[in-house]
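Before any comments, here is the structure.
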Amino acid sequence: MSNEVILSMRGICMTFPGVKALSNVDFTLRSGEIHALMGENGAGKSTLIKCLTGVNDFEKGEIFMGPEMRPIRNHSTLEAQKNGIATVYQEVNLCPNLSVAENLFIGREPLTKFGTINHKAMLNRARELMKKLDIQVDVTQALENYSIALQQMIAIARAVDMESKVLILDEPTSSLDDNEVEKLFKMMRALRDEGIGIIFVTHFLEQVYAVCDRITVLRNGQLVGEYEISDLPRLKLVAAMMGKDFDDLQSIKSKEDEAVSEEVLIDAKGLSHVRKIKPFDLDIHKGEVIGLTGLLGSGRSELARCIYGADKAQTGTLKVKGKETKINAPIDAMRLGMGLLPDDRKAEGIVEDLSVRENIMLAMQSLAGVVKRIPMEKQMEITKKFIDLLDIKTPSTETLVKQLSGGNQQKVIIARWLATNPDFLILDEPTRGIDVGTKTEIQKLVVDLAHQGKSVIFISSEIEEMLRTCNRLAVLRDGEKVGELTEDLSQESVMKVIAGGERS
Amino acid sequence: MEKNNMNKKKNINSHSILLLITVGLFILLYAAGYFMYGFGANAKGFEKLQNFLDIFRTNAALICIACGMTCVMLTGGIDISVGSLVAMDCMILSVGMENSGISPTLLVPFVLLIGIVFGAVQGYLIGYLGIQPFIVTMAGMFFARGMTAMICTDQVNITVDNWFKQVAGIKVYMPFELGAVVNKRGVKMVPYVNIPVIIALVVVVLVFLMLRYTRTGRSMYAVGGNQQSAALMGLNTKRTKMITYILSSFLCSIGGVLYCMNTMCGTTTQALGLEMKAISSAVIGGTLLTGGVGNVFGSFVGVLINGTINSLVSFNGELTRLGGTVPNVVSAFLLFVFIMLQAVFAKLRERKQ
């Protein structure tokens with residue numbers, strides 16, 4: 001293959017209100033290569049793709065297509081398609097109700113001399129195309145009769161048949177099983193050998209090393225670098241994605257924490273949820289802080305939600321305080337003394353239009369039942385107690401939560417759970433988007449809770465933070481719990497397990 | 001021949017199965033009527049071919065309207081303005097001919113034009129401004145019904161003799177005197193239909209071909225299947241939607257002309273609830289309210305089913321004597337049973353696979 005540059009993005013800048021999403025990012029794609037675009041969530045992968053396909057309008061920068069470096073700027077995905085850039089998303093963008101052949105050709109069907117659709121010619125061309133790409137489907141059947149994997153392949157076939165030079169695959173493998181992934185890779189390699197340039201966006205490290213030729217890494221909207229796959233072993237890739245910004249905070253964990261009670265509070269065996277989290281075992285002792293670590297999307301939140309019943313576990317058994325229980329819904333978990341602080345504070349945590357008091361009382365009230373209203377006096381008492389205890393900065397108890405800062409909103413949700421006096425708390429990214437001062441406060445609070453004999457699952461993207469607060473770390477990768485770390489907790493050792501593959 | 005059959009069997013997908021079930025149940029329903037009101041001592045005329053053709057005659061307008069409704073529902077929308085539009089069309093035709101003495105040669109094209117403009121406005125609001133179809137066509141419904149009353153609040157009967165009336169009176173006899181019977185007075189009666197029926201059948205065929213063989217038709221399916229995907233695949237979804245609503249109102253206006261030919265009058269309460277009959281016919285015929293699935297042939301059968309149920313009720317002497325809304329209740333009950341059977345058969349079929 002000639003390996004000439006077919007796409008070149010130079011100095012792309014893009015700001016969302018208040019956030020610099022991309023700053024001065026370069027990206028180069030050559031023909032006949034599969035190029036991975038890597039980075040954690042929020043690193044700017046999707047934004048960069050959207051700038052390329054015309055969904056987002058970037059502020060500064062240039063895009064050139066083809067060996068002749070023709071400058072282009074797309075304003076819609078259609079325009080991008082005309083320029084030879086096609087995108088296949090995780091959720092297939094085809095019409096499930098139409099036949100495979102129609103999905104391949106709609107909008108550009110072969111016509112008869114009367115201007116009507118020539119179904120016969122369309123079917124024949126569709127069959128040829130499917131045969132060429134080695135996809136085994138009956139083109140007359142409705143698309144919805146086929147698996148997501150096949151649908152994705154059909155979407156790719158459509159893009160290829162429209163003479164796309166650049167094919168963007170945005171998280172195509174998220175809902176596929178190993179077999180299907182292999183088939184997709186086979187197709188990708190075949191297309192690469194024909195000279196198509198493929199941009200592969202994924203968070204599965206293993207898949208990157210299985211199929212890609214080159215990697216570009218983004219972090220916080222900035223280009224970290226472009227690497228040949230052979231020059232960037234896993235560990236370095238993970239380091240590049242996460243960055244190594246150690247903050248200067250000292251360990252807040254004193255040595256005596258290491259002695260954790262023998263009493264097992266939670267004992268999960270083989271819990272799983274289809275496509276979200278593979279079966280895992282996990283036991284949590286009384287007064288223990290256990291950290292779940294792994295890259296974003298590795299199944300950290302999913303594992304926690306599975307225990308809590310936010311996503312009902314489909315297999316396995318769960319023992320709480322030695323008694324086997326079944327959690328069908330979060331309320332069951334709450335009655336057993338659990339609480340969950342979800343990672344999406346805005347969508348799942350606070351209720352924006354309720355006051356601080358009402359937000360704090362939510363969990364207590366739902367435990368008490370809808371009918372038994374908690375007396376206002378008691379409500380005020382509890383609210384004031386937690387405002388003082390957690391130092392929530394709010395003008396009054398009746399201020400609407402949406403008027404508070406992110407950190408104080410987070411404290412309100414923590415107060416909501418503490419008010420129920422739980423034995424076990426799951427904190428999913430409690431410090432995300434919060435200033436450093438509040439971060440430390442929350443970390444201290446977690447350690448304090450453990451001292452009081454409560455157990456905590458702590459999830460965070462910042463390894464440093466986890467090292468400071470947790471007694472033990474469970475590591476997840478690609479929706480599977482791959483290991484536990486109790487001793488020798490260091491950034492290096494944790495990242496090694498997160499990266500995987502290079503087992504000693 | 002046998003190979004051909006095999007292929008056909010393979011091609012039947014889950015969507016056409018619903019249609020097959022519907023056709024099968026329709027035949028059953030008609031057979032039931034035949035044994036109740038058309039057999040031996042009970043013979044009341046249900047067995048006659050003329051009775052079957054009468055279902056077409058009374059529902060010619062509904063067939064046209066249901067075709068338009070099917071297209072709209074395929075795109076995932078709904079058009080509840082059709083009943084009122086029919087009333088307005090009838091009123092314009094009646095008042096125009098009877099009170100103003102305008103020739104139907106002018107009036108009929110005028111009414112059809114109104115349909116196109118009416119649909120274009122609704123289609124623009126829905127397609128380009130993205131307003132909910134239900135809200136837009138509800139406004140259209142109130143507007144058309146209000147206009148009908150503004151034109152005239154009394155019932156206007158068409159008595160003037162012109163081609164409109166003459167065409168309405170033409171009987172088209174069955175070829176080869178098919179199904180002819182000799183009545184008590186010894187006169188041979190050949191079953192017949194009228195011009196509206198012929199027009200309605202032509203509409204069904206044309207819309208069927210449009211949906212299957214034109215890009216616009218396929219775009220309607222695509223928009224209903226997944227609008228966002230359709231747009232990403234390069235289809236002009238906004239224009240498709242607008243065209244669909246224009247088509248619906250245009251077909252509805254054809255239906256209005258046919259309706260007027262049948263009733264020969266215009267009143268403010270005419271065609272009340274016709275939109276719901278059109279929707280139910282389409283749904284019975286296998287069109288999904290969520291869009292993307294269905295075809296006009298199914299809706300056509302749906303109209304026939306609705307018509308047969310009404311016919312069955314009217315053959316029951318006791319029900320007719322009770323009068324009032326009792327027959328409506330019975331029709332509703334039969335419709336309910338029908339839909340339930342349909343669902344049960346579809347479920348059984350699913351389980352088998």
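The values are calculated or read from the model by the stated rules, or taken from the named source; none is laboratory data. Nothing here was measured: the structure is a model prediction, and the numbers come from that model. When we count neighbours, we look across all protein chains shown, and the Cβ atoms used for this are built from the backbone with ideal geometry, even at glycine. Just the protein is used for accessible areas: all its heavy atoms, side chains included, with ligands, DNA and RNA removed. Shrake-Rupley method; radii C 1.70, N 1.55, O 1.52, S 1.80 Å.
Some values worked out for this structure:
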quantity	calculated
Size of charge dipole - region A:279-407 - debye, nearest 20, with Cβ of Lys, Arg +1 and Asp, Glu -1, no other charges	380 debye
Fraction of accessible area attributable to carbon and sulfur, region A:5-242 (%, probe 1.4 Å)	49 percent
Per-residue mean of C-beta atoms belonging to partner chains within 10 Å, peptide A:86-96	4
Region A:333-417, accessible area per residue, ligands and nucleic acids excluded (1.4 Å, Å²)	49 Å²
Amide hydrogen neighbours beyond the local backbone of B:T75, cut-off 5 Å, H modeled	B:G292
Calculated diffusion of chain B, Stokes-Einstein form, Kirkwood radius summed over Cα pairs, 37 °C and 0.692 mPa s, µm²/s	153 µm²/s
Given charges at beta-carbon only (K, R positive; D, E negative), |dipole| of chain A in Debye	1060 debye
Of B:G256, A:S164, A:A210, farthest towards positive along the dipole that unit charges on Lys, Arg, Asp, Glu beta carbons give the protein assembly as shown	B:G256
Backbone HN-Hα couplings from phi across region A:223-230 [Karplus 6.51/-1.76/1.60, Hz, Gly and Pro as x]	6, 8, x, 10, 10, 6, 4, 6
Cβ-placed point charges (K, R +1; D, E -1), dipole of region A:62-195 about Cα centre in debye, nearest 20	640 debye
Axial C-alpha extent at least 15 Å, average Kyte-Doolittle at least -1.0 - helices from chain A (DSSP)	A:148-161, A:178-193, A:356-368, A:376-389, A:406-418, A:436-451
Occluded residues from region A:110-125, i.e. those whose accessible area drops by 10 Å² or more once the chain is not alone (1.4 Å probe)	A:L111, A:T116, A:I117, A:H119
Over 31 Å [Cα-Cα, region A:5-242], rounded percent	24 percent
Residues losing 30 Å² or more accessible surface upon assembly, region B:233-266, compared with the chain by itself, 1.4 Å	B:M233, B:L235
Reach of B:K171 by Cα under 26 Å, taken over lysines that are not fewer than 8 positions away in the same chain	B:K44, B:K48, B:K184, B:K188
Length added when fully stretched, A:R127-A:A347, from 0.36 nm per residue minus Cα-Cα	74.7 nm
Total lysine pairs under 22 Å (Cα atoms) in region A:345-421, excluding pairs fewer than 8 apart on one chain	16
FRET efficiency, 1/(1 + (r/R0)^6) with R0 56 Å, evaluated for B:T269 and A:N421 via beta carbons	0.25
Ranked packing of B:341-347, A:443-449, A:362-368, most packed first, by mean Cβ within 10 Å	A:443-449, A:362-368, B:341-347
Per-selection metrics, the protein assembly as shown (Cα): Rg and Dmax in Å	34.4, 114
The protein assembly as shown, helix-only ellipticity at 222 nm - DSSP H runs n ≥ 4, -39,500 (n - 2.57), divided by all residues, nearest 500	-15500 deg cm²/dmol
For region A:345-421, fraction of C-alpha pairs farther apart than 18 Å, in %	30 percent
All-pairs alpha carbon distance profile, region B:136-237, 10 Å steps from 0, percent	11, 17, 25, 23, 18, 5, 1
Relative packing of A:314-322, B:241-249, A:405-413, which averages over residues the other C-beta atoms within 10 Å, highest first	B:241-249, A:405-413, A:314-322
Region A:5-242 - accessible surface per residue (Å², probe 1.4 Å)	40 Å²
Pairs of lysine residues in region A:81-189 - Cα separation under 27 Å, sequence separation of 8 or more or cross-chain	16
Per-residue mean of C-beta atoms belonging to partner chains within 10 Å, peptide A:383-389	0
Distance from region A:190-214 to region B:84-130 (C-alpha centre basis), Å	59 Å
Accessible-area composition of region A:345-421, carbon plus sulfur, in percent [1.4 Å probe]	56 percent
Solvent-accessible area per residue for region B:19-152 (1.4 angstrom probe, square angstrom)	39 Å²
Residues along region A:143-173 losing 10 Å² or more of accessible surface when the other protein chains are present rather than the chain by itself (probe 1.4 Å)	A:E144, A:N145, A:R158
Axial C-alpha extent at least 20 Å, average Kyte-Doolittle at least 0.5 - helices from chain B (DSSP)	B:14-37, B:49-74, B:104-127, B:133-151, B:195-213, B:237-263, B:296-315, B:326-352
Kirkwood-based shape ratio for chain A, expressed as Rg/Rh from alpha carbons	1.02
Euclidean distance between Cα centres, region A:1-70 to region A:365-379, Å	53 Å
Accessible surface of chain B, 1.4 Å probe, proportion on carbon and sulfur as whole %	66 percent
Per-residue average of Cβ from other chains inside 10 Å of B:218-227	5
Positive-end residue, chain A charge dipole about Cα centroid, Cβ charges, pick of A:N220, A:I12, A:A240	A:I12
Accessible area buried, both sides summed, chains A and B with 1.4 Å probe, Å²	2000 Å²
Proximal charge balance of A:L22 [Cβ under 14 Å; K/R count +1, D/E count -1]	+2
